[in-house]
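Take a look at the structure set out below.
The values are calculated or read from the model by the stated rules, or taken from the named source; none is laboratory data. Nothing here was measured: the structure is a model prediction, and the numbers come from that model. When we count neighbours, we look across all protein chains shown, and the Cβ atoms used for this are built from the backbone with ideal geometry, even at glycine.
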Amino acid sequence: MGGVRTALYNYLYAKQAGGDFILRIEDTDSQRFVPGAEAYIIEALRWCGILPDEGVDADGHIVETASDRHPHAPYRQSQRKPIYRRYAEELVAKGMAYYAFDTAEELGALRAEAEASKQTFTYNAATRGRLRNSLTLPADEVSRLLEQTTDWTVRFKMPQNRIVAMDDLIRGHIEVNTDTLDDKVLWKRADELPTYHLANIVDDHLMEITDVIRGEEWLPSLPLHYLLYEAFGWERPAFAHLSLLLKPDGKGKLSKRDGDRLGFPVFPLKWISPEGEESRGYREDGYYPEAFVNMLALLGWNPGTEQELFTLDELAKAFSLERVVRSGAKFNPEKAKWFNQEYLRMRPIEALTAEFRALAPEMTAVRSDDFIGAVLSLMRERAHFAAELPEMTRFFFEAPQAYDEASVAKFWKDDVPAIMPQVRDFLAAVEPLSREKLEEALPALIHEREWPMGKVMNTLRLMMIGIAQGPAMADLLSILGREEVLKRMDRAIKTLG
RNA sequence: GGCCCUAUCGACUAAGGGUUCAGGUCGCCACCCUCUCAAGGUGGAAAUACGAGUUCGAAUCUCGUUAGGGCUACCA
């Protein structure tokens, strides 16, 4: 969800400015490769209607070779591997980065040691002079290690005691002293791959990215990114950092577990991890993508007006980074349902009818679109999801198999058994058996005969649908039609005695 | 621990120093409508974290405290 929201804001911002939304896969961590994740991302964005202008082809596959429409291919960082080393070396040549030969074990030991004495180990100006790198080792030793070993890295040489002044489109001005930062690894010889920091800056430059809208977790590395653009002498894009989505109850950021625990999806689409663990999705839970996207857009942004329902195009028109809120937003599953309910109501009846047929093929096989449309028009306002409709409307399609005992006990007594055959005679003769006619004639009959209104109406409903709660009698009877109404009455009179 | 971000009803948010005893939406409660249920209509309860300061005036600006979050990896 958080990822989709970030993508959505990027998309809206790009569309509003008449720009392009590019999908790039940042898969530089070979250890954490997850099969199926890339296809999942593309499918999820597609379901949401967030279609990349660049990076993905019409067939839904990531583009690997450059073309007019995809001038910056390939879009998978793992396929851009040869690009990055050059840039890392460029920084070393400029004296803004250096080779580091410390092993992961050595650094781990240093960190553990520092922790034991309640201190923090930071690889920067304060410590790099004592560590094994091209700044401290003799040149011939450096050359030897570069050629003969494969576990070295290129680290950024963080300047000493410098204030980095940054501007964020959402958060405003931020300043950080470089002494609190460390010499981040930029490139790893072991897999010849860059880390996020290098790959991101190089690719954003190469792909002509003008605006970076990403999660708040990247804010601490913004100074590094500023310094990297400066080191390369490149113009930097504008940055905007979005706050996180928080769990509905308690504290902390929204996690996969919260969905399972509280009963709502955290993923746009159902996701099955390589380990076989399943997570439900908004799509499979019956949400309309329009409702999901609308809900996400309003979680951390507002239009400044009281409008809450937006199409994707309307969102693109109304969106602005100035109106993105800075604080984290707790996700509210109830409001998500409300959005879907609103979209269920706005749905064209033809579309809803088709959807309903797919949901309940046996029940609807012999029914006309007119009949189904009449049922749905009456009943859809009671539902949050289309999937609830078949059960909710079953009594229109099938006569009741049994009569609710509590309702029978409450209504099928006193003079009612004597009255109902007379109601049947009325329904057999009334002309036409329309909603308008019944709304007027049925109460009129009840008044005229001095029958108890509630008792007769509820008993009639009980006879029609098996329980005493449901739609208004005039609607119910007119949709059911005379033949079915009389059949159900006869059966109820016979069964209830 | 260090660095950074954030702080208005239960939740999402509006109010950009005076037009606000803080507005809207979801949820909750009551009433109305009514043959029941739902929907709808009307109304209600419900918030500026705390403490200083600036100012004629502070939800709004400043500082501090508290609380929450993020980062602190050869992950993104």
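Tabulated data for the structure shown
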item	result
Inter-residue pairs, beta-carbon under 8 Å, first in the same structural domain as residue A:319 (by TED's automatic domain parsing) and in the stretch A:296-308, second of a type in the set (A, V, I, L, M) and near RNA strand B (Cβ under 7 Å from one of its atoms), 6+ apart	A:299/A:329; A:300/A:325; A:300/A:329; A:301/A:325; A:302/A:325; A:308/A:298
Every pair of residues 6+ apart whose Cβ atoms lie under 7 Å, when the first sits in the stretch A:445-460 and is more than 22 Å from residue A:495 (Cβ to Cβ) while the second is surrounded by 18 or more Cβ atoms within 10 Å (Cβ to Cβ)	A:446/A:456; A:453/A:446
Lone unmet requirement of (1) within 16 Å of RNA strand B (Cβ to nearest atom); (2) part of a loop (DSSP other than H, G, I, E, B); (3) closer than 14 Å to residue A:462 by Cβ for residue A:433	(3)
Residue match in the stretch A:164-176 (condition: within 8 Å of RNA strand B (Cβ to nearest atom) and within 19 Å of residue A:25 (Cα to Cα))	no
Residue A:182 being within 7 Å of RNA strand B (Cβ to nearest atom), part of a loop (DSSP other than H, G, I, E, B), of a type outside the set (A, V, I, L, M) and in contact (Cβ under 8 Å) with a residue 60 or more places away in the chain	yes
Residues that are closer than 21 Å to residue A:472 by Cα and among the polar types (S, T, N, Q), drawn from the stretch A:349-398	A:377, A:393
Output for the stretch A:187-238, where each listed residue is within 12 Å of RNA strand B (Cβ to nearest atom), among the aromatic types (Phe, Trp, Tyr) and closer than 24 Å to residue A:19 by Cβ	A:196, A:218
Odd one out for residue A:214 among (1) under 29 Å from the mean Cα position of the chain (by Cα); (2) crowded, with 17+ Cβ neighbours inside 10 Å; (3) of a type in the set (D, E, K, R)	(2)
Residue A:126 vs. criteria in a strand (DSSP E or B), among the small types (Gly, Ala, Ser) and more than 8 Å from RNA strand B (Cβ to nearest atom)	no
